[in-house]
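Notes follow once the structure below has been shown.
Bear in mind that the values in this text are calculations on the coordinates, not laboratory data. All figures in this text were calculated on a predicted structure; none of them were measured in a lab. FYI the Cβ positions are ideal-geometry reconstructions off the backbone, even for glycines, and counts take in every protein chain you see.
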Amino acid sequence: MSEILSLPKRFEEFTDARKNGFLKVKELKESGKKVAGIFCTFTPQEILDAAGFVSVSLCGMSAETIPDAEVDLPKNLCPLIKSSYGFYVSDKCPYTYFSDLIVGETTCDGKKKMYELMGKGKKTFILHLPQSEDEFEIENWANELRRFKDFIEKEYGVRITEEKLREAAKLRNVERIERRKLMEVQKQNPAPALGIDLYKTMDGVGFLFDEQVRIDKLKGLREQIEAENNYKQNEGKKRILVTGCPIGGVLDKTVGAIEKSNGNVVCFENCAGLKACLRLVDENSPDIIYAIAKRYLSIGCAVMAPDNTRMKNLRELVKEFQVDGVINVTLHACTTYDVESKLVSDLMKELNMPYMSVECDYTPGDEGQLLTRIQAFIEMLK
Ligand code: SF4
Ligand code: SF4
């Protein structure tokens, strides 16, 4: 019988998943599994699952490796790219070290050029991502996914059958539903959980390498939160939606600062949050690759032009989660999200929703200034 953990301990389990996963990946490698390092929510994980790969996120979240990266890369680049590349060149990340294959994608310019450099030392496949959700782009993306599937089959001598793809899509859909349900506990007013705990959970789940374990852990945590209904910790706090770039590397200075300032993050629209689990793959589609392509193109990211899905998601989520204010987080030098801030700001004006945008990177030093700005924003919310 498994040990019954208190809620804080259960959250800690997810926070520790990233570091505890190192040994697991080593064991999986030793048992003959192949490992794919991935960087983006657009990576079609069903194809990797169906090929028997373990996929693991290599997105860098620490400033520690940035000096290593700056030997090769310009200083004025997104910290997520520099941190990820720094882990690659310095061999400080066991997940990067154990990856048999790096799967990149042509999202933003910095990332796609980084994959080119990584390709010098590691086997790399770069997916050519279309820039919109138009029908012809879905067709293009489906063809690109077929090219990816063919590459894996030839390179690794595996067969990715339609049946395996459907099975993978089914399981990934169940995980997406469980992720969504977990975030949706925050629809209660007051909400029962701290946003920072939920974010670390959503991120940490990716470092559990068995799909059924991920599903069971997410479900177990949600049921425990619902049963304990610990809403008192958030009584009277302002309900905040966080949108923008991936924030794993700036979590404390953004979400931490919000929750130190009488705010409670009730919804994350960004990558580790809801946008990655709002839409499902149509498992029964006659063309499963097309269905996977269609679902992934509807993620809603600023690399798309136009990025109508993100605006639609934001419009719906601020209502569904009874939000008092929206905070947009842009990582330094992320052009797509930076430019798109104007559209988010216009949308929030139209919805009469208080809004602020902050820009930050991974280096320490701006925490005080961010905290002051966030405190002032939350204080002025009605
Ligand atoms: S923000 Fe966009 S480009 Fe960056 S990881 Fe998420 S989906 Fe990929
Ligand atoms: S945060 Fe922006 S610049 Fe950084 S990797 Fe993502 S899309 Fe590219």
#### Entry: Amide H within-cut-off set for LYS238, under 5 Å, with H built and near neighbours excluded
GLY263, ASN264
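Report, please, the projected area of region 252-302 averaged over directions, based on the convex hull of its C-alpha atoms, in nm². List each step's numbers first, then the result.
Values: hull surface 18.1 nm².
For the Cα atoms of region 252-302, the hull's average projected area reads 4.5 nm².
Taking 0.36 nm per intervening residue step and subtracting the Cα-Cα distance, what contour gain separates GLU30 from GLU367 on full extension? Write down the numbers at each step before the final one.
Details: separation 337, 0.36 × 337 = 121.32 nm, distance 4.21 nm.
Extra length from GLU30 to GLU367 when fully extended: 117.1 nm.
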#### Entry: Coordinate range along principal axes, alpha carbons of region 233-319, Å, largest first
50, 24, 20
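Order by neighbour count: GLU340, GLU178, fewest other Cβ atoms within 10 Å first, most last. Display every interim value, and only then the final one.
Numbers: GLU340 24, GLU178 21.
The fewest-first ordering by Cβ neighbours comes to GLU178, GLU340.
Per DSSP helix of 4 or more residues, -39500 (n - 2.57); summed, then divided by the residues of the chain. What does that give at 222 nm, rounded to the nearest 500?
Details: 16 runs with 189 residues, N = 382.
Dividing the helical sum by the residues of the chain leaves -15500 deg cm²/dmol.
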#### Entry: Where only alpha carbons of region 7-161 are counted, the Rg and the Dmax (Å)
16.4, 48
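Report relative contact order for region 7-161 in percent, whole number only (criteria: Cα-Cα under 8 Å, sequence separation at least 6). Present the calculation step by step, with values, prior to reporting the outcome.
Details: 190 pairs, mean separation 31.6, N = 155.
Reported relative contact order: 20 percent.
I'd like the FRET efficiency for GLU184 and HIS128, computed as 1/(1 + (r/R0)^6) with the beta carbon distance as r and R0 of 51 Å, rounded to 0.05.
Details: r = 34 Å, r/R0 = 0.67.
After rounding, the FRET efficiency stands at 0.90.
I need the fraction of alpha carbon pairs in the chain separated by more than 26 Å, rounded to a whole percent.
Values: 37511 of 72771 pairs.
The calculated P(r) of the chain puts 52 percent of pairs beyond 26 Å.
How big is the antiparallel share of DSSP beta bridges in the chain, given as a percent to the nearest 5?
Numbers: 0 of 27 bridges.
Of those bridges, close to 0 percent are antiparallel.
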### Query
So how far, in whole Å, is the C-alpha centre of region 97-153 from the one of region 56-91?
19
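Looking at region 7-161 only, what percent of DSSP beta bridges run antiparallel? Nearest 5 please. Intermediate values should be presented prior to the final figure.
On the way: 0 of 11 bridges.
That works out to approximately 0 percent antiparallel.
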### Message
Give me the percent relative contact order of the chain, please, defined on Cα pairs under 8 angstrom at least 6 residues apart.
### Response
19
